[in-house]
Amino acid sequence: MRYVIVSVIKGEAGIFNNNLRLEVYEKFKAKSSKLPAHFTIKAPFKCDDISETEKVLENFCKTHDKAAYKIQGYDHFDNRVIFMKVLMSIEGQKLHDEVIDDLSIIKYINFTKEDGKKKIFHVTISSKKIQKIYKDLWSYVTYIPCEFHCLFDNIAIFKWKNNTWLLHKEYNLS
């Protein structure tokens, strides 16, 4: 089975991202992730038994407090991905790095520079074959105000089933 570990963006910022992704799809046919608004903790990986990951995340969330961060403006990875910029707080970065340390003990979880401690935190708007429409898409989204105060207050496991990501389990930080 394929899984991904994320922190779901809730409240106004999550609603904003979900609506903006729908809007750019309707206007530009620009596709995005099948996940709700989120930032990635561990990119998709395969395993047969997720129970060890569940235990690690459950224990982690019981013993760690949520942390604030800010979403402000937009950025991009070349002409391939457009996203909302996450300005992670020092406390949020520490929380993120500690969960990566805990997950790294699990044999089937391996982090890369894209999803490890030094990742660029972001909330994707569009990322599926946008090169041909990138300039128009970038011009469109950058005029829309984007500033939110958020909480890194959850860690969620999603599983790939029936051609979409379904929530498997969500853990709330203290």
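Derivation of every value follows stated rules applied to the coordinates shown; laboratory data play no part. In this text, all values refer to a predicted model and were calculated from it rather than measured experimentally. We place every Cβ from the backbone using ideal geometry, glycine too, and count neighbours over all the protein chains shown.
Computed values, structure above
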item: Residue that is under 18 Å from the mean Cα position of the chain (by Cα), of a type in the set (F, W, Y) and farther than 20 Å from L167 by Cα, where the choices are F111, F39; result: F111
item: Where S127 falls short, out of the listed (1) of a type in the set (G, A, S); (2) under 16 Å from V86 (Cβ atoms); (3) over 17 Å from the mean Cα position of the chain (by Cα); result: (3)
item: The lone exception for N110 - which of (1) surrounded by 14 or more Cβ atoms within 10 Å (Cβ to Cβ); (2) in contact with a Phe, Trp or Tyr (Cβ under 8 Å, 6 or more places away or on another chain) it fails; result: (1)
item: Residue in the stretch 113-130 that is surrounded by 18 or more Cβ atoms within 10 Å (Cβ to Cβ) and assigned to a helix (DSSP H, G or I) present; result: no
